[in-house]
Each structure stands twice: as C-alpha cells, then as structure tokens.
Amino acid sequence: MKILLTGGAGFIGQHVHRQLLADGHEIRVLDSLRPDVHQTPPSIDGLIVADIRDATAVSDALRGVDTVVHLAAKVGLGVDLDDMDDYVSTNSLGTAVLLRALGRHQIQRFVYASSMVVYGEGHYECDRHGVVAPGPRRVSDLESGVFDPPCPICAAPLRPGLITESAPTDPRNTYAATKLNGEHLAATWARETGGQATALRFHNVYGPGMPRNTPYAGVAAIFRSMLERGEAPRVFEDGGQRRDFIHVADIAGAVAAAVANNPTQFTAYNVGSGTVRTIGDLATELSRAYDGPAPIITGAYRLGDVRHITASSARLREDLHWKPDYDLRSGLADLLRH
Ligand code: UD1
C-alpha cells in the first residue's frame with residue numbers, strides 16, 4: 001500500500017515507519033518537526049516538513065496515497081491551561097484539515113492514533129452497585145492522601161478492572177478531549193464518505209527513542225531521564241496507580257495490523273500489553289534496570305491524572321490477530337540496550 005504517515009518523525013512514528021517499510025509498504029512521512037520535540041531532527045528519506053494544519057501541504061502529500069496513518073499530535077498531559085488552544089488547534093483542527101483533504105482525494109482508509117485517556121478513569125466495580133463511574137477527583141481527597149476514588153453511590157472502596165472499548169468515554173484533560181474529538185471526526189468522515197477508520201487507543205507507551213527531559217513526556221520517559229541524571233524517580237500519589245505499559249514495537253505492530261486488515265466503518269481498539277502494573281512497580285523496575293537510586297514516593301499529585309486505567313486488548317487480538325511481544329521486564333531490557 002502507499003501510505004501517508006503523519007508524525008512519522010516522532011517517538012512512536014519512527015517505529016511505525018520502520019514496521020510499515022518492513023511490511024513492504026511505500027511510505028511518505030509528513031511531520032512538522034516541532035522544535036519543542038525535535039532538538040535533533042531524524043533523517044528520513046523524502047520527509048515532508050509541514051504542519052498538519054497546512055491544507056495545501058497536506059493535500060500535496062496525499063497524492064497517490066491509499067491509506068493514511070495519523071500520528072501527528074501535540075501529546076502529553078499539558079503543563080497548564082496556557083496549552084489549551086495549542087492542543088485543540090494541533091490535534092482537533094489538524095485532524096479536521098487532514099480528513100477534509102482525504103475526502104477530496106477520495107482516500108478510503110484512515111488509521112488514527114487515539115489514547116486510553118479518552119476513557120478518563122478506568123473500569124471500577126462496587127460490591128453493592130456493580131460497575132460504576134467515579135466522578136472527578138476532589139482536591140480535598142488528594143490533599144489528604146486519599147487517592148482511590150470511592151463508589152459514587154455509597155462511597156465504598158472500589159475494585160479496579162480492565163476497561164473494554166464499550167465503556168463510556170469521559171476525557172479528563174485537554175489532551176484527552178482533543179484525542180476523543182479526533183475519533184469523533186474520523187467516525188463522521190467515515191459515515192459521510194463511505195471510508196473506513198480505525199482508532200487505536202494506545203496505553204502507556206515506552207521504549208527506545210522515548211523523548212528525554214520534557215514535561216510533556218509519559219512517566220516512563222520522565223523516570224528514565226531522572227535516572228540518567230543520577231536522581232531517584234519521583235513517584236506521585238502513593239505509587240499504587242495502575243497502568244498498562246506497552247513497548248513501542250508492539251504499538252507499531254498494532255498499527256501495521258490495522259493497516260493490513262479489512263476495517264469496518266469505524267472501530268476503536270485498546271492497545272495494551274494486558275499486564276497490570278503500578279507506577280511504583282515501573283519506578284522500581286527502572287531503578288533496578290539502570291542500577292540507580294530507589295524511587296521516592298512523594299504523595300504529590302496532578303489534578304489531570306486519573307487513578308487507574310488498564311485495558312483489555314481482547315478485541316484487537318481477536319479481530320486483527322495482534323499480540324504483544326514484550327512484557328515490562330523484557331521491554332525495559334530492550335530499552336537499556338538502545
Ligand atoms: C500517558 C500519556 C498520554 C498518553 C497515554 C497513553 C503523558 C503526559 N501522558 O498518560 O499522553 O496518551 O499515556 O499512551 O504523556 N507520574 C509520576 N511521576 C512523574 C510523572 C508522572 O509518578 O514524574 C505518575 C502520574 O501521576 C500518573 C502516572 O505516573 O499517575 C502516569 O502518568 P503519565 O504517563 O504522565 O500519564 P498517563 O495518564 O498515564
């Protein structure tokens with residue numbers, strides 16, 4: 001296939017690029033090389049350096065293409081509200097500009113990098129009330145070290161579980177809102193054009209090439225940067241937050257599977273390793289791997305963070321015949337080798 005890969009110079013994008021080339025596709029990469037992300041831009045054959053909101057450049061880049069993989073985005077949780085318009089512009093407007101151009105070029109297939117952040121809090125069950133959706137986290141709870149959300153009906157402790165794609169979405173920060181908006185735009189495009197869109201809801205991605213020394217990075221990259229400076233990883237809350245860490249090569253495999261399979265009009269897939277780990281576990285494993293100082297549990301918190309979010313990736317395994325190659329230990333060993 002002839003594929004336009006947006007964001008192909010980024011951390012995930014470079015791995016996806018390699019995987020798609022290995023699968024025999026012809027790839028054209030479009031990337032803005034944002035200076036806040038790319039201190040030293042990678043060299044990529046035929047790279048088109050352009051912003052995803054540049055309708056002319058995007059339209060030119062789409063000539064002869066039959067599939068688009070859209071990874072270009074402003075990522076991360078955001079430092080403060082000053083970032084709000086940049087997220088919306090880059091992610092929501094950028095996706096809209098791209099989809100509009102797809103319509104004009106009559107391109108039918110669209111693979112979109114979404115995120116587990118579209119769910120907000122993960123799956124929780126109460127002994128009395130079954131599956132419940134905890135409300136927004138309260139500052140007073142966080143201040144007093146109460147991190148686990150209670151049952152919204154009876155305030156009893158909840159059991160966290162694996163979320164499936166049928167769970168309602170509930171984005172809790174600007175980035176999350178724009179990622180969900182991108183899914184809605186893709187579904188709208190598919191309905192109106194007869195095209196097919198696949199949204200891949202990535203869980204916590206780590207691996208070789210992770211960004212360094214930026215507050216916009218995910219937690220694994222932040223801890224790695226601390227350890228490389230000889231500092232202990234600083235774990236927020238009590239370290240019991242549950243996540244699913246997935247190696248970037250397995251993410252690239254999921255994108256390749258989405259490109260290769262017969263898609264429906266619109267389907268969303270969780271992309272996680274299937275193994276639940278805590279942030280405390282991650283910090284401990286990374287400290288051990290880097291032979292660095294033990295993690296510090298700080299009790300600090302960020303209001304935009306959810307407590308637990310872990311995935312069932314059964315739909316992806318069944319529909320697209322995908323399975324991850326790495327668990328956290330082998331994945332961190334791989335990170336260390338590179
Ligand atoms: C992360 C990404 C998000 C991405 C998603 C799925 C960021 C900021 N978040 O979401 O963009 O879509 O994975 O791939 O890139 N923590 C610490 N110490 C730190 C930093 C964070 O303990 O120095 C804790 C946080 O409080 C949180 C957990 O680590 O509980 C995960 O944080 P993070 O990786 O930033 O965000 P996610 O919500 O998991």
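In segment 288-296 there is at least one residue that is touching a residue at least 40 places away in the same chain (Cβ under 8 Å), under 30 Å from C151 (Cα atoms) and open to solvent by 20 Å² or more (accessible area, probe 1.4 Å). Given the structure, is Y124 among the aromatic types (F, W, Y), within 13 Å of the chain's Cα centre (by Cα) and open to solvent by less than 10 Å² (accessible area, probe 1.4 Å)? Here the answer is no, as Y124 does not meet what is asked.
Selection of strands (runs of 3 or more DSSP E) fully inside segment 1-105 by the criterion of at least 1 residues being more than 23 Å from the chain's Cα centre (by Cα) returns 2-6, 26-31. Taking A187 as the residue in question, decide whether it is buried (at least 16 other Cβ atoms within 10 Å of the Cβ) and assigned to a helix (DSSP H, G or I). The answer is yes for A187. Has segment 19-38 got any residue that is open to solvent by 50 Å² or more (accessible area, probe 1.4 Å), without any contact (Cβ under 8 Å) to a residue 40 or more places away in the chain and in contact with an Asp or Glu (Cβ under 7 Å, 6 or more places away or on another chain)? No.
Within segment 193-214, none of the residues are part of a helix (DSSP H, G or I), under 20 Å from G280 (Cα atoms) and more than 13 Å from the ligand (Cβ to nearest atom).
The set of residues in segment 233-252 being touching a strand residue (DSSP E or B) at 6+ places or on another chain (Cβ under 7 Å), over 24 Å from S312 (Cα atoms) and either open to solvent by 20 Å² or more (accessible area, probe 1.4 Å) or among the acidic types (D, E) (or both) consists of R234, D238.
Taking A256, is it within 25 Å of R137 (Cβ to Cβ), assigned to a helix (DSSP H, G or I) and open to solvent by less than 50 Å² (accessible area, probe 1.4 Å)? No. Being open to solvent by 20 Å² or more (accessible area, probe 1.4 Å), over 27 Å from R302 (Cα atoms) and modelled with pLDDT under 95 holds for only one residue in G78, G64, G103, and it is G103.
Going residue by residue through segment 134-150, is there one that turns out to be more than 16 Å from the ligand (Cβ to nearest atom) and either open to solvent by less than 30 Å² (accessible area, probe 1.4 Å) or closer than 30 Å to T264 by Cα (or both)? Looking through segment 134-150, none of the residues is more than 16 Å from the ligand (Cβ to nearest atom) and either open to solvent by less than 30 Å² (accessible area, probe 1.4 Å) or closer than 30 Å to T264 by Cα (or both). Taking the stated definitions as given, is T193 in contact with a helix residue (DSSP H, G or I) (Cβ under 6 Å, 6 or more places away or on another chain) and open to solvent by 10 Å² or more (accessible area, probe 1.4 Å)? Taking the combined requirement at face value, the residue satisfies it. Within segment 268-287, residues that are open to solvent by 20 Å² or more (accessible area, probe 1.4 Å) and part of a helix (DSSP H, G or I) reach partners that are more than 11 Å from the ligand (Cβ to nearest atom) and not aliphatic (A, V, I, L, M) with beta carbons closer than 7 Å, at six or more positions or on different chains, in the pairs E285/R329. Scanning segment 293-338 for residues that are assigned to a strand (DSSP E or B) and farther than 21 Å from R172 by Cβ gives I296, I297.
The values are calculated or read from the model by the stated rules, or taken from the named source; none is laboratory data. Computed from a prediction, not measured in an experiment: that's the story for all the values here. Reconstructed Cβ throughout: ideal geometry from the backbone, glycine too, with neighbour counts over all protein chains shown. SASA here: full protein model, heavy atoms, side chains in, ligands and nucleic acids out. Shrake-Rupley method; radii C 1.70, N 1.55, O 1.52, S 1.80 Å.
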